[in-house]
Structure formats: C-alpha cells, structure tokens
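First comes the structure, then the notes that go with it.
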Amino acid sequence: MIGPRTVALVTGTTFLPPDQWYASLPSFLASAAALITDPAGAVLVVKPNYRPWWNLPGGVVEGTEPPHLGCAREVVEELGLELPIGRLLVVDWTPPTDLRRAWFGFVFDAGTLSDPGTIRLQAAELDAAEFVAPAEAVERLNPIVAARLTAALRVRTGPTTAYLHDGIPVAPQPLPCTGKPGARPRVKRPCAAA
C-alpha cells in the first residue's frame with residue numbers, strides 16, 4: 001500500500017491531512033427560493049420587513065441541509081405552507097463582494113396555490129405576501145432575483161434548468177475539440193492543429 005509518507009518520499013510532495021485540506025477549501029453561501037403561482041399564472045411575492053424590495057418566498061440554506069429541503073423549510077416558516085418542492089428551475093452564482101462570500105441562488109418549482117387564504121404569514125420577518133402578474137413581480141424584486149424569476153418562468157414548462165452567472169443566463173459552451181454545445185466526447189483526444 002502506498003501511503004502519504006511513501007508518496008512524499010518518491011515525489012517530494014506532501015499532502016495535508018483530510019481535516020486540514022477540507023478546512024482550506026473555499027466555502028459558499030446559498031439561498032433557495034420557491035416559484036409559487038396561482039391558477040391564473042400570477043407569482044407569489046413576499047415583502048420582507050428588513051429590506052426595501054420584495055422577494056420570492058425562501059431564504060438562506062443552512063449548512064447541513066440540501067437546497068430543496070432548505071426551500072421547503074423556508075416556505076413553511078414564512079408562509080405556513082407545506083408544499084411539495086418540485087424540480088430545480090434555476091441555479092445562479094453571484095461573485096463575492098467586500099461584505100460576503102460567493103453565493104449560489106437556487107429556485108425550485110413549488111407549484112400552484114389555489115387558495116391564498118391558506119397562507120399564514122410570518123409576521124416577524126414579512127409584512128405582506130401577494131400574487132402579482134409576472135411583469136409586476138419583476139418590477140418589485142431586486143435585479144438579481146428578478147433575473148432568477150424571469151429564467152424560472154422561462155424554463156418551468158420545459159425539461160431544462162437555467163444556469164445564471166450574477167443574474168445573466170450562461171449559454172452552453174462547446175467543450176474542447178468537439179465544437180458541439182454540451183457534447184461529451186467518449187474518448188479524450190488531442191485537439192487538431194488549427
């Protein structure tokens with residue numbers, strides 16, 4: 001068996017113990033939001049009492065929970081609704097700022113709510129919840145969340161997930177040497193000379 005000491009003797013390379021290596025890796029923040037519509041297609045938005053703009057229902061994902069369960073938890077906490085959290089509609093990566101680390105924003109399809117009377121608003125964090133037309137929702141949301149909502153509505157009826165970088169859709173990129181978006185070569189081969 002070749003262990004870390006043997007590898008270090010042969011190559012001159014040393015390796016960190018797993019706990020130190022994992023501690024040295026970058027970390028990210030994440031949030032999960034729910035796209036909830038009424039039967040007419042209006043979008044449910046919520047008004048947090050701690051910021052000037054509206055938001056989609058959802059919030060920060062805890063470090064020990066997967067994003068879809070964080071979304072479900074936030075919907076229960078904010079709206080008192082136990083909704084089935086459906087497929088992932090959007091993944092958006094926003095770069096770090098001077099105030100925070102990089103952020104992954106997930107949007108999940110939480111279906112259609114026929115009876116808004118079942119909403120039990122979390123008064124400690126939210127002032128209101130309303131179903132509004134998608135265009136009005138976009139106007140009420142901050143630009144990043146508005147871009148996520150727009151992308152979520154676009155892909156909701158199809159089989160794809162939207163990938164955004166700081167709110168901007170990322171187009172599929174050709175993989176090296178294939179020239180085809182999303183193509184995965186079966187065998188790695190060197191690129192032909194241009």
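Values in this text are rule-based calculations from the coordinates and carry no lab data. The structure displayed is predicted, hence computed values, not measured ones. Neighbour counts run over all protein chains shown; Cβ positions are idealised from the backbone, glycine included.
Near the amide H of Leu113, within less than 5 Å, lie the amide hydrogens of Thr37, Asp38, all on another chain or at least 5 residues away, with H placed in the peptide plane. Where both residues lie in the range 39-175, what percent of DSSP beta bridges are antiparallel, nearest 5? Roughly 75 percent of the DSSP beta bridges within the range 39-175 come out antiparallel. For Leu121 and Trp53 in the same chain, what is the full-extension length gain: residue separation times 0.36 nm, less their Cα-Cα distance, in nm? Full extension from Leu121 to Trp53 adds 22.8 nm. Across the range 1-159, Cα-Cα pairs more than 22 Å apart make up 48 percent of the total. For Ser31, the residues 5 or more places off, or on other chains, whose built amide H falls under 5 Å of its own are Val61, Phe104, Gly105, Phe106.
Rg of the Cα atoms in the range 65-109, relative to 2.2 N^0.38 Å, amounts to 1.33.
Pulled fully out, how much extra length does the chain show between Trp93 and Ala40, if you take 0.36 nm times their separation in residues and subtract their Cα-Cα distance?
Details: separation 53, 0.36 × 53 = 19.08 nm, distance 3.05 nm.
Here the segment from Trp93 to Ala40 would lengthen by 16.0 nm.
Compute the length gained on full extension between Glu77 and Val132: take 0.36 nm times their separation in residues and subtract their Cα-Cα distance, giving the result in nm to one decimal. Show your work: numbers first, answer last.
Values: separation 55, 0.36 × 55 = 19.80 nm, distance 2.13 nm.
Full extension from Glu77 to Val132 adds 17.7 nm.
Distance from the Cα centroid of the range 25-52 to that of the range 102-177 is 7 Å (rounded to whole angstrom). Across the range 120-161, the fraction of Cα-Cα pairs farther apart than 15 Å, rounded to a whole number, is 55%. A simple packing score, the average count of other Cβ atoms within 10 Å per residue, orders the peptides 73-81, 152-160 as 73-81, 152-160, with the highest score first.
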